[in-house]
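The values are calculated or read from the model by the stated rules, or taken from the named source; none is laboratory data. Please read these numbers as outputs of a predicted model, since none were measured by experiment. Methodologically, a virtual Cβ is constructed for each residue, glycine included, from the backbone with ideal geometry; neighbour enumeration extends over all protein chains shown. Keep in mind that these areas ignore ligands, DNA and RNA; they rest on the heavy atoms of the full protein, side chains included. Shrake-Rupley method; radii C 1.70, N 1.55, O 1.52, S 1.80 Å.
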Amino acid sequence: SPDRIAAARPRQVHGVRVVEANAWGDELGEADAVHTAQPALVVGVVTADCAPILVRSFGGRVLAIHAGWRGLAAGVVEAGIDAFREAGADDRFSAVVGPCAGECCYEVDAPVLDALGARYGPDLAATSRPSREGHAMLDLGGLVARALRGAGVEEVGTTRVPGTCTICDTRFESFRRDGDGAGRMLHWIAARS
């Protein structure tokens with residue numbers, strides 16, 4: 001259970017607010033990204049189909065972002081990277097996108113496509129394929145990786161194994177697959193001590 005891991009994490013709300021954690025036990029409130037430079041402090045986010053993003057600067061600052069389609073459309077990736085830089089992260093940093101809903105199973109409708117298209121037009125076209133009328137299959141992790149590169153992150157990796165997604169691969173938690181009974185996966189990163 002993610003509640004048993006000592007990670008400073010906010011109450012996620014599918015928004016764009018970014019907070020800084022300075023000590024374990026900080027009340028972080030509602031946010032979808034958290035960063036720190038405090039040595040050995042663990043920060044994290046939980047997911048069950050949304051994309052987790054973990055970022056580290058070579059100077060030691062770390063960032064965890066929760067990116068579902070709503071947060072992505074609102075600019076959570078850009079807000080997280082901007083806050084990371086403003087807090088003092090050097091310009092050399094790398095990111096990894098963790099397991100999330102994949103193109104094989106993640107069908108979205110026109111309102112989702114419109115919201116994402118307003119921010120990521122060409123990138124959305126490259127990471128989705130039409131399915132039935134007014135719907136498309138979305139590669140959420142692929143779109144997140146493109147958003148990171150667009151925000152200036154040159155080194156972007158992925159933990160996704162080709163052909164796996166949180167919805168159809170039962171090793172992962174999935175709200176789409178299991179509904180309210182779905183668990184959550186904790187994704188965390190720690191600043192160097």
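Restricting the stretch 154-166 to residues that are modelled with pLDDT of 60 or more and within 14 Å of the chain's Cα centre (by Cα), the residue that is surrounded by the most Cβ atoms within 10 Å (Cβ to Cβ) is Thr166. All of (1) in contact with a Phe, Trp or Tyr (Cβ under 9 Å, 6 or more places away or on another chain); (2) closer than 20 Å to Glu30 by Cβ hold for Ala83 with one exception: (1). The numbered conditions (1) open to solvent by 10 Å² or more (accessible area, probe 1.4 Å); (2) farther than 15 Å from Trp188 by Cα are all true for Val46 except (2). Restricting Arg56, Arg61, Arg70 to residues that are at pLDDT 95 or above and surrounded by fewer than 23 Cβ atoms within 10 Å (Cβ to Cβ) narrows the list to Arg70. Taking helices (runs of 4 or more DSSP H) as the structural unit, those lying wholly within the stretch 89-193 and holding at least 2 residues that are hydrophobic (A, V, I, L, M, F, W, C) correspond to 110-126, 140-150.
What are the residues in the stretch 21-34 that are open to solvent by 10 Å² or more (accessible area, probe 1.4 Å) and touching a strand residue (DSSP E or B) at 6+ places or on another chain (Cβ under 9 Å), if any? Before you say what the answer is, go through the steps one by one.
Quick first cut of the stretch 21-34, residues open to solvent by 10 Å² or more (accessible area, probe 1.4 Å) only: 22-30.
Answer for the stretch 21-34, where residues must be open to solvent by 10 Å² or more (accessible area, probe 1.4 Å) and touching a strand residue (DSSP E or B) at 6+ places or on another chain (Cβ under 9 Å): Asn22, Ala23, Trp24, Gly25, Asp26, Leu28, Gly29, Glu30.
Is there any pair with a first residue in the stretch 103-116 that is without any contact (Cβ under 8 Å) to a residue 40 or more places away in the chain and a second that is buried (at least 19 other Cβ atoms within 10 Å of the Cβ) and not in a helix (DSSP H, G or I) whose Cβ atoms are under 7 Å apart and which are 6 or more apart or on different chains, and what are they? Short answer, once both residue conditions are applied: Val108/Ala136; Val108/Leu138; Leu113/Ala136. Residue count for the stretch 95-104, restricted to those that are within 18 Å of the chain's Cα centre (by Cα), surrounded by fewer than 21 Cβ atoms within 10 Å (Cβ to Cβ) and of a type outside the set (D, E, K, R): 1. Taking every residue in the stretch 174-185 that is surrounded by 14 or more Cβ atoms within 10 Å (Cβ to Cβ) and pairing it with any residue that is in a helix (DSSP H, G or I) and modelled with pLDDT of 90 or more, at least 6 positions away or on another chain, the pairs with Cβ-Cβ distances below 6 Å are Ala182/Phe175. You will find that of Val45, Val16, the residue that is part of a loop (DSSP other than H, G, I, E, B) and under 13 Å from the mean Cα position of the chain (by Cα) is Val16 and no other.
Would it be correct to say that Ala147 is surrounded by 14 or more Cβ atoms within 10 Å (Cβ to Cβ), closer than 22 Å to Leu54 by Cα and in contact (Cβ under 8 Å) with a residue 40 or more places away in the chain? Spelling it out, Ala147 is indeed surrounded by 14 or more Cβ atoms within 10 Å (Cβ to Cβ), closer than 22 Å to Leu54 by Cα and in contact (Cβ under 8 Å) with a residue 40 or more places away in the chain.
Val108 meets each of the listed conditions (1) β-branched (Val, Ile, Thr); (2) under 25 Å from Pro10 (Cα atoms); (3) at pLDDT 90 or above apart from (2).
Evaluated against (1) farther than 16 Å from His66 by Cα; (2) in contact (Cβ under 8 Å) with a residue 40 or more places away in the chain; (3) not small (Gly, Ala, Ser), Thr166 falls short on exactly one condition, (1).
Of all residues being under 21 Å from Cys165 (Cβ atoms) and aliphatic (A, V, I, L, M) in the stretch 116-133, which is least open to solvent (accessible area, probe 1.4 Å)? Just the residue, please.
Restricting to residues being under 21 Å from Cys165 (Cβ atoms) and aliphatic (A, V, I, L, M), the top hit is Leu116.
Would you mind finding the one in Ala79, Ala40 that is open to solvent by 10 Å² or more (accessible area, probe 1.4 Å), touching a residue at least 12 places away in the same chain (Cβ under 8 Å), among the hydrophobic types (A, V, I, L, M, F, W, C) and assigned to a helix (DSSP H, G or I)? Even if it seems obvious, please write down each step before you answer.
Working: Ala40 fails: assigned to a helix (DSSP H, G or I).
Testing whether each residue is open to solvent by 10 Å² or more (accessible area, probe 1.4 Å), touching a residue at least 12 places away in the same chain (Cβ under 8 Å), among the hydrophobic types (A, V, I, L, M, F, W, C) and assigned to a helix (DSSP H, G or I) leaves just Ala79.
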